[in-house]
Every structure is written in C-alpha cells, then in structure tokens.
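**Q** Dropping the structure in here first, questions after.
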Amino acid sequence: MNTPRQRPMVREVVLALFVFLCAEMAFAHPQKGEAVGFLTGFRHPLSGLDHVLAMVAVGLWGAQLGSPAIWVLPVAFPMVMAVGGMLGLMGVPLPWTEYGIALSAILLGAAVMFEVRPRLGIAAALVGFFAIFHGHAHGTELPPGQSALLYSMGFVIATGCLHALGIGIGTVHRWVWGQKLLRIAGALVAVGGTLFMWKAVA
Amino acid sequence: MKDAIQSRLPFYSFFAFTFVMCAIPAEAHLNSTGMGPFYDGFAHFILSPEDIIPVIALALLAGLRGANYGRRTLFVLPTAWLLGGLFGVMRSTSSNNAVLSAAWFLLLGGLLAADAKLSLRVTTALAAFLGVYHGYLNGEGMGQSANTAVALLGLVFVVFLLVALAAAFVVRLRKQWARIAVRVAGSWIAASGLLMLGWAVRAR
C-alpha cells in the first residue's frame, strides 16, 4: 500500500539515484583548481572555513535584523562578492585580503553576538565591503577552465545556500532561547574569525 | 489535493535544475539525438545553459510585471529568435562573444533583482534584442544543411515552452516571500554574469 509515509522516501531514492547517475567522469589524477563545471564551482566556497563562517554569519545577522535586511544582505553579498571575484580574475591586486576575510568573520560575528541594529544601508555597505575580500580571494585562486558559466553559477549558488543556512538557523530568533542561541552562534563565529586573524598575522 | 501538488513543486524544480546543471558543454555543431532534426534543435537549446539562463531571466522579469508582459514576451522572443536564427544560418561563421553573453546575464539578472518597473515597450525591445542575438548565434553554430530550418523550429519551440512555463509560474505568485525568491534568483544570475565577465577578460 502506498502510504503517505512511504511516498517521500521513494522520491528521495529516485533523486539520489539520479544524482549518482549524473556523476562526473573519474580521472586518474586529480585536477586541482580547474574550473571543470558546476560541482567544482559549488564546492569552492565550501572549501574554506573562514569563508563559510562569514557567509553563514551574514544569514544569521539578516535573520536577526528581520525584513527587509533578511533578504537585502544575502542579495548584496553575492553581487559584491562577484565584483571582487571579477577583479581577482582580471588580476587587479587587493591588499590585506586574508586580514579582510578574518576581520569579516570577527565583525559579523560580533554584530550577531551584540545584536547590533544599524540602518539598512550601513549594514548592507558593511556586508558588501567584506564581500569584496571574499570574492577577490576566490577569483585569484582560480585558473581558467572548461565552463566559466557553470563554474560561476555553482560558485554563486553555493554562497547563496550558505546564506540560506544562516537564515534558516536564524529563524530561532522568534523565541527567547533562540535569541540567546543566536548570540552564542555569533560569539563562536567571532572566535573563529579571531583564530583566522591570528593565523594571518603569524 | 492542492497542497499535495504544491509540495511536489520544489522537488520537480530541483530535479529539473540538477538535470540542466549536469548538461555536457554545448558544441558549435548540432548533435544528433537520433529523434530527428526537430528534437536535435530542442536538445541543442536544453544543453546550452548560456541560452537557457537569459531566457529564464527575461521570462521571470516579464512574469513579475504581469500577464500582459508575459504574453508579449511569449510571442516576441521566439519570433525574434527564429529571425535571428535564419539570418545566422545564412552567415554560418562562428562569432560568439563571451563578454556580450556575460553582459546579457548581468543586464537581465540585474533588472530582475531590482524588480525594475520597465514599460511594456522596453520589455518588448529586450525580448527582440535577446532573441535576435541568441538566435543568430544558434543559427550560425548549426551550419547549413537541409534539416537546419527544422532544427531551428525545434529550438524556437522550446524557447516558447520555457517562456510560457517560467512567466506563468511567476505571474501566479502572490506571496511576498515567493516574489523575493525570484528576485534573489535574479541577483544570482547577475553575480554569475559578473564572474563570467572576469573569466572573459582574463582569457583575452
């Protein structure tokens, strides 16, 4: 009997099977850093914890600030990050990139920890400013590959998913215990950023 | 019943999205599907994300503005695509410009993200330019053969189908968060366009 409990399982199995069948061809040697397609681009923002911390913090802060910041910040970040990525790809130098990335995690984490509520323009400008460092770091690391389009889309979508993860966690803000939990999460992000700053300075 | 249909939509969307993203890189010449030239043209479009994404962006933009805009785009874009394609078939030399392709992503994605209140005339002009440009590129990539016109018809048919589905999907959206999600998709398209621009400049 096809019960409502069984149906979602069938869907997931079909989807998993489909994704496995779409697997990329295996090569004898790893192709480090090559922009081979969507999945490579998707994996790239997830490859560095410093990037992940800052991007999740953008979502957390947006959820804490509420509408319209909840969607303005996650829209501003990928757009400005792409500008930074473009500059990196074009070979335009940007000083103190590693410091900028670490500082972004510290300040965004602190903003969540202290529930800072600036005006929307200031919050968007702050997020956009740090997004340039993140985008530039990614842009300079990438040698040209087969499909710039699929790589770029994977890269941007992964960033958006990290923001969505932050927003998803941030939905606990409606409860009192959730507000405390978010502030702790912000503190953890700030501590992580401090460690990366320590590594960058050392 | 209605809830059951709505709940499946994200699943089918993800399934279709994964299918499109797993597409093999498009090649200049028409590949044979074994189902005839009409479906060769159909497959040519489906396997070309650089063609699909601007069409989706324009259809979503038209859908956000309302049914009238969607209807206009539905007929202008495929017609312009067909005309551009026929012109391209006559020339039959490859002149794909990565910077221009990136510019289309940037323009349409940016307009969609900003929820730009374009007039019907401007939207029609955008559809005409996009159709002629991409149709021309498709036409010149297909090469001259007896079946090229039929393949072009298959390609134009799938453009029509995609615009109809995407625009109609957005026209019926009433909830604020759903319309914002469409705009977020626009920002992702624009951001991808910026990165593509970087790749194009770097490759020179």
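**Q** Here are some residues: B:L130, B:L165, B:L152, B:L118. Which one is away from chain A (no Cβ under 11 Å), farther than 23 Å from A:I132 by Cβ, of a type in the set (A, V, I, L, M) and outside any helix (DSSP H, G or I)? Working first, answer last.
**A** Numbers: B:L130 fails: outside any helix (DSSP H, G or I); B:L165 fails: outside any helix (DSSP H, G or I); B:L152 fails: outside any helix (DSSP H, G or I).
Going through B:L130, B:L165, B:L152, B:L118 in turn, just one is away from chain A (no Cβ under 11 Å), farther than 23 Å from A:I132 by Cβ, of a type in the set (A, V, I, L, M) and outside any helix (DSSP H, G or I): B:L118.
**Q** Do you know which residues across segment B:83-107 are surrounded by fewer than 22 Cβ atoms within 10 Å (Cβ to Cβ) and modelled with pLDDT of 90 or more?
**A** If the condition is that a residue be surrounded by fewer than 22 Cβ atoms within 10 Å (Cβ to Cβ) and modelled with pLDDT of 90 or more, then B:L83, B:A103, B:L106, B:L107 are the ones that fit.
**Q** For B:R72, which of the numbered conditions (1) more than 13 Å from the chain's Cα centre (by Cα); (2) closer than 19 Å to B:A190 by Cα fails to hold?
**A** Every listed condition holds for B:R72 apart from (2).
**Q** Oh, and also: Would you check which residues across segment B:168-181 are in contact with a Leu (Cβ under 7 Å, 6 or more places away or on another chain) and within 11 Å of another protein chain (Cβ to nearest Cβ) and list them? Before the answer, list the steps.
**A** Within segment B:168-181, the first condition is being in contact with a Leu (Cβ under 7 Å, 6 or more places away or on another chain), and the residues that meet it are B:170, B:179.
Within segment B:168-181, just B:R179 meets the criteria.
**Q** I want to confirm something. Restricting to segment A:125-153 and keeping residues that are crowded, with 24+ Cβ neighbours inside 10 Å and within 7 Å of chain B (Cβ to nearest Cβ), which single residue is modelled with the highest pLDDT?
**A** Of everything passing the filter in segment A:125-153, A:M153 is modelled with the highest pLDDT.
**Q** List pairs: first in segment A:172-183 and closer than 13 Å to A:G66 by Cα, second in a helix (DSSP H, G or I) and aliphatic (A, V, I, L, M), Cβ under 6 Å, 6+ apart or cross-chain?
**A** Note: pairs meeting the criteria are A:V172/A:L181; A:H173/A:A63; A:H173/A:L182.
**Q** Right, another one. Would you please list the contacts, defined by Cβ atoms under 8 Å and residues six or more apart or on different chains, that run from a residue in segment B:160-187 that is closer than 24 Å to A:P78 by Cα to a residue that is aromatic (F, W, Y)?
**A** Short answer, once both residue conditions are applied: B:I180/A:W71; B:R183/A:W71; B:V184/A:W71.
**Q** Among A:V191, A:V172, A:V156, which is farther than 15 Å from A:E98 by Cα, assigned to a helix (DSSP H, G or I) and at pLDDT below 90?
**A** A:V156
**Q** Show me the helices (runs of 4 or more DSSP H) entirely contained within segment A:33-102 in which 2 or more residues are under 15 Å from the mean Cα position of the chain (by Cα), farther than 20 Å from A:M197 by Cβ and free of Cβ contacts under 8 Å to residues at least 40 places away in the same chain. Spell out how you get there, then give the answer.
**A** Values: elements: A:38-43, A:49-65, A:69-90.
Helices (runs of 4 or more DSSP H) meeting the threshold: A:69-90.
**Q** Go through segment A:71-82 and count every residue that is more than 10 Å from chain B (Cβ to nearest Cβ) and surrounded by fewer than 20 Cβ atoms within 10 Å (Cβ to Cβ).
**A** Let us first name the residues in segment A:71-82 that are more than 10 Å from chain B (Cβ to nearest Cβ), namely A:73.
After this cut, where a residue has to be surrounded by fewer than 20 Cβ atoms within 10 Å (Cβ to Cβ) as well, the list is none.
Qualifying residue count for the region: 0.
**Q** Looking at A:G85, A:G91, can you tell me which residue is within 9 Å of chain B (Cβ to nearest Cβ), over 15 Å from A:F130 (Cβ atoms) and at pLDDT 70 or above? Quick ask: steps written out before the conclusion?
**A** Working: A:G85 fails: over 15 Å from A:F130 (Cβ atoms).
So the residue among A:G85, A:G91 that is within 9 Å of chain B (Cβ to nearest Cβ), over 15 Å from A:F130 (Cβ atoms) and at pLDDT 70 or above is A:G91.
**Q** Here's a follow-up. From the list A:A63, A:A54, A:A111, A:A102, pick out the single residue that is closer than 22 Å to A:R174 by Cα, of a type outside the set (K, R), surrounded by 22 or more Cβ atoms within 10 Å (Cβ to Cβ) and more than 14 Å from chain B (Cβ to nearest Cβ).
**A** Matching residue, one of A:A63, A:A54, A:A111, A:A102: A:A111.
**Q** Which condition from (1) surrounded by fewer than 20 Cβ atoms within 10 Å (Cβ to Cβ); (2) more than 14 Å from B:L100 (Cα to Cα) is the one that B:E140 breaks?
**A** Answer for B:E140: the failing condition is (1).
The values are calculated or read from the model by the stated rules, or taken from the named source; none is laboratory data. Just so it is clear, the structure is predicted and the values come from calculations on it, not from any experiment. In this analysis, Cβ positions are derived from the backbone assuming ideal geometry, glycine residues included, and neighbour counts consider all displayed protein chains.
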